[in-house]
1. If Rh is defined by the Kirkwood formula over all Cα pairs and Rg also comes from Cα, what ratio Rg/Rh do you get for the chain?
2. Please find, in a Gaussian network model of the chain (springs between Cα atoms separated by less than 10 Å), the residue of H78, H91, H35 whose mean-square fluctuation is greatest.
3. What does a probe at S62 reach in segment 12-42, counting residues whose amide N is under 11 Å from the point 7 Å along Cα→Cβ?
4. Just flag the chymotrypsin sites (Phe, Trp or Tyr not before Pro) in segment 1-32 sitting in loop per DSSP whose Cβ has no more than 15 other Cβ atoms within 10 Å.
5. If you put +1 on each Lys and Arg Cβ and -1 on each Asp and Glu Cβ, how big is the dipole of the chain around its Cα centre, in Debye rounded to 20?
6. For helix 92-113, report the angle its Cα long axis makes with the longest principal axis of the Cα atoms of the chain; keep it between 0 and 90° and round to the nearest 10°.
7. How about segment 62-102: which GluC sites (Glu not before Pro) there lie in a loop by DSSP and see at most 16 other Cβ atoms within 10 Å?
8. For each of V40, V97, V50, count neighbouring Cβ atoms within 10 Å of the residue's Cβ, then give the residues from fewest to most.
Amino acid sequence: MGYVQLNSLNKIKKKLGVDPNGRVQKFFTQTCYNHMDKYVPKRDGNLRSVVDLEDSTITYESPYARYQFYGEREDGSHKVKNYTTAGTGPHWDRRMVSAEIDDVVKEVQNYAKRGGN
């Protein structure tokens, strides 16, 4: 009697590039970053340009990034009153998701269908 031996789910995910550090995850992170850029406040560009992209995280590393992202200081003592670039503001990740997540999903699906190429 014959049998079929199946690969483990983790092995299949890795082969497809959809594991936590796989090429599809990296593409998703990069795509989110690309779409998010226009929602990040920009006076001189430092906030947008000093960024650490890892497999599944995007970290804005400017000293004032946290203040800009939350729209206030940690202690609540000072709120950002004016974001100088139209369409930007706090929680730029949420702004991007609400406006562009369908485009992000399509790009990632197309990338995965092409086999990550």
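Where a number appears in this text, it was derived from the coordinates with a stated rule and is not lab data. None of these values were measured; they are calculated from a predicted model. Every residue, glycine among them, receives a Cβ derived from its backbone with ideal geometry; neighbour counts consider all protein chains shown.
1. Numbers: Rg = 18.9 Å, Rh = 16.4 Å.
Rounded to two decimals, Rg/Rh equals 1.15.
2. H78
3. Those under the cut-off are 40-42.
4. Those that pass, being in a loop and sparsely packed, are Y3.
5. Values: 19 positive and 15 negative charges, 71 e Å.
That gives a dipole near 340 debye.
6. 20
7. When the GluC sites (Glu not before Pro) of segment 62-102 are filtered for loop state and at most 16 Cβ neighbours within 10 Å, E74 remain.
8. If I rank by nearby Cβ atoms, fewest first, I get V50, V97, V40.
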